[in-house]
Amino acid sequence: MSIPKIPIGEWVEALELWLETNAEPLFDAIKLIIGTTVNGMADLFTYLPPLLVICILTIIAFLIGRYRIAAFTLLGLLLVLNLGYWEHTMETLALVLTASFISIVLGVPLGILCARNNKVQNVVTPVLDFMQTMPAFVYLLPAVAFFSLGVVPGVVASVIFSVPPTIRLTNLGIRQVPTDLVEAADAFGSTPMQKLYKVQLPIAVPTIMAGINQTIMLSLSMVVIASMIGAQGVGADVFKAVTQAKTGVGFEAGLAVVVLAIILDRMTQNLVKNNKKG
């Protein structure tokens, strides 16, 4: 006797149809907010003279990580400008920063909630496992269904793919705060919010920043995948080079992504080190 197939796919499609029918105003609002943010940021980055943007980012890199990261930022961005990928790289930066910001805004509070409530953690952890193990391409389907083609579904898919590290490491960082410090705060009559903001979060900042670093890197890794659904940026150049079998063009575009990834990675890593020293 054959066992009937569980119609999971049909259930998912029915849920998708229901959401498309009943939550359209919500999706339109999300699309407007994300689209305006990404396009506005990209317009700002591309409106300013490239050399001015390079100088600003180099100064920021110097303040965060001193000479090495500043030198790499200067030379790397000059290389991107020379190769002709400046505008697309700035579009990619706008997409990554938007996705990372949304991930942080959603991930840090949820991580705090998980740290303060074991029941919430027990519910959220399997969901995070699911989000991290599901192939990234699968996220593109509902994103396109709800938000059409363009940069918005790319950001949404990036958020879903990249938010778990921020949640996990925020939860871990707060749970690793020494018990004696928490007890001392309780002994002095601190409220839960005072204990969180004055004791737990300051100590957990390096771990939280490590999670944010991973989130930024995962957002950047979605750039090429998101280009398949119309997201702008260097990912579109990489995807076009792959479809046309242009190895040289693909390598140049990929190099622009690598430069951006190293700059963001080193900056956030040095923020973690600076917090630990502080």
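Here, each number is a calculation from the coordinates, and none is a lab measurement. What you see is a predicted model, and the numbers here were worked out from it, not measured in a lab. Every residue, glycine as well, gets a Cβ built from its backbone with ideal geometry; the counts of neighbours run over all protein chains shown.
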Within segment 17-26, identify whether any single residue is under 30 Å from VAL258 (Cα atoms), in contact with a helix residue (DSSP H, G or I) (Cβ under 8 Å, 6 or more places away or on another chain) and not acidic (Asp, Glu), and answer yes or no. no
If a residue must be within 17 Å of the chain's Cα centre (by Cα) and loosely packed, with under 14 Cβ neighbours inside 10 Å, how many such residues does segment 11-42 contain? 1
Within the group ALA210, ALA204, ALA226, ALA231, which residue is of a type outside the set (S, T, N, Q) and out of contact with any Gly (no Cβ under 6 Å at 6 or more places or on another chain)? ALA210
Hits in segment 168-204 - residues which are among the small types (Gly, Ala, Ser) and either surrounded by 13 or more Cβ atoms within 10 Å (Cβ to Cβ) or in a helix (DSSP H, G or I) (or both): GLY173, ALA184, ALA185, ALA187, SER190, ALA204
Close pairs (9 angstrom Cβ cut-off, 6 or more residues apart or separate chains): over 21 Å from THR215 (Cβ atoms) in segment 246-264, exposed (fewer than 14 other Cβ atoms within 10 Å of the Cβ) anywhere: GLY250/GLN244; GLU252/GLY84
Could you tell me which of the residues ILE216, ILE263 is among the β-branched types (Val, Ile, Thr) and touching a Phe, Trp or Tyr at 6+ places or on another chain (Cβ under 8 Å)? ILE263
